[in-house]
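The structure appears right after this line, and notes come after that.
The values are calculated or read from the model by the stated rules, or taken from the named source; none is laboratory data. Everything numeric in this text was worked out from a predicted model, so none of it was measured. Note: ideal-geometry Cβ built from the backbone for every residue, glycine included; neighbour counts use all protein chains shown. Remember, those area values only see protein heavy atoms, side chains included, never the ligands or the DNA or RNA. Shrake-Rupley method; radii C 1.70, N 1.55, O 1.52, S 1.80 Å.
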Amino acid sequence: MAVFVALGAFVMTLVGGWTAGRVTDRRHLVLGLAGGLMLGVVGLDLLPEALEAAGGPVFGVPAALLLAVAGFLFAHVVERLLALRRSAHGAAEHNGGRVPEVGLTAAAAMVGHSMMDGVAIGAAFQVGGGMGAAVAVAVIAHDFADGFNTYTITRLYGNARRKAVAMLLADAVAPVVGAATTLAFTIPEQLLGGYLGFFGGALLYLAAAEILPEAHHDHPARSTLLCTVAGAAFIWLVVGLAD
């Protein structure tokens, strides 16, 4: 049942990526929406779950929040190191100084997150059918945003469309694989919570430091801002309905 339900996440992820690829003539709106979706996922979905699961405080600070800061700094350091390495080798910077490898790394993190979504579905069904259904609704609903963001991030950093499609397909398959793995074992709740905190921090960096500034760089329009707000509000609606 868990694997069957994860197929719904597979479809929604592809629909999200397809939507992102079809509206390239409104790139600033796509980026604004992607930024809002990412902010919503981090603040309203990932971090609350991480705070519940990651364990107690470390030196007065919740472990999930420490890992979120670590994820934010990790994403920043990786981006700077890749940029410096390309500069040291005399490589020309493309796409406004953005490094394609950063986009692929971020998309790979999205794939890892989607696999954890599948694991969450499988673990919930091990607890009971009602719990499994509730988690499945939440995962399937926000996998549209995952697919949208995976495609958008990959393309934003100057990667070819074929690479963006490949990462989107990997992101779509990941929850099915994750759900299948729970037939053999489950991930401890504390470890899963720590991962969610770390990934949330990295995603927050990409949204706040990269995607939203790019969205408003050439088109500082109200429509872009509205798309950002709508993206965050959509995740709020999804989380509220799932609860």
Problem - Scope the range 1-33; condition touching a Cys at 6+ places or on another chain (Cβ under 9 Å) and among the aliphatic types (A, V, I, L, M); matching residues - result: LEU29, VAL30, LEU31, LEU33
Exercise for the section: State whether the residues of the range 45-59 include one that is more than 21 Å from LEU204 (Cβ to Cβ) and surrounded by fewer than 16 Cβ atoms within 10 Å (Cβ to Cβ). Expected result: yes
Practice task
Quick one: in the range 142-162, of everything that is open to solvent by 30 Å² or more (accessible area, probe 1.4 Å) and out of contact with any strand residue (DSSP E or B) (no Cβ under 9 Å at 6 or more places or on another chain), which residue is modelled with the lowest pLDDT?
Solution key: PHE144
Handout entry: Sole residue being touching a helix residue (DSSP H, G or I) at 6+ places or on another chain (Cβ under 8 Å), modelled with pLDDT of 85 or more, open to solvent by 20 Å² or more (accessible area, probe 1.4 Å) and farther than 27 Å from GLY194 by Cα, chosen from VAL15, VAL69
Key = VAL15
Handout entry: Test: ALA134 is among the aliphatic types (A, V, I, L, M) and either modelled with pLDDT of 70 or more or crowded, with 22+ Cβ neighbours inside 10 Å (or both)
Key = no
Practice task
Return yes or no: is ALA209 at pLDDT below 85, out of contact with any Lys or Arg (no Cβ under 7 Å at 6 or more places or on another chain), open to solvent by 10 Å² or more (accessible area, probe 1.4 Å) and over 26 Å from VAL77 (Cα atoms)?
Solution key: no
Practice task
Test LEU191 against the stated conditions and say whether it is part of a helix (DSSP H, G or I), open to solvent by 10 Å² or more (accessible area, probe 1.4 Å), without any contact (Cβ under 8 Å) to a residue 24 or more places away in the chain and closer than 23 Å to ALA68 by Cα.
Solution key: yes
Practice task
Report yes if some residue within the range 31-40 is modelled with pLDDT of 80 or more, in contact with a Ser or Thr (Cβ under 8 Å, 6 or more places away or on another chain) and open to solvent by 30 Å² or more (accessible area, probe 1.4 Å); otherwise report no.
Solution key: yes
Exercise for the section: For the range 226-239, state whether one or more residues are outside any helix (DSSP H, G or I), within 16 Å of ASP45 (Cα to Cα) and either touching a residue at least 60 places away in the same chain (Cβ under 8 Å) or not hydroxyl-bearing (Ser, Thr, Tyr) (or both). Expected result: no
Completion exercise
The lone condition THR24 fails out of (1) modelled with pLDDT under 80; (2) open to solvent by less than 30 Å² (accessible area, probe 1.4 Å) is (2)
Handout entry: Residues that are touching a Leu at 6+ places or on another chain (Cβ under 8 Å), open to solvent by 60 Å² or more (accessible area, probe 1.4 Å) and either in a helix (DSSP H, G or I) or at pLDDT 85 or above (or both), drawn from the range 77-104
Key = GLU101
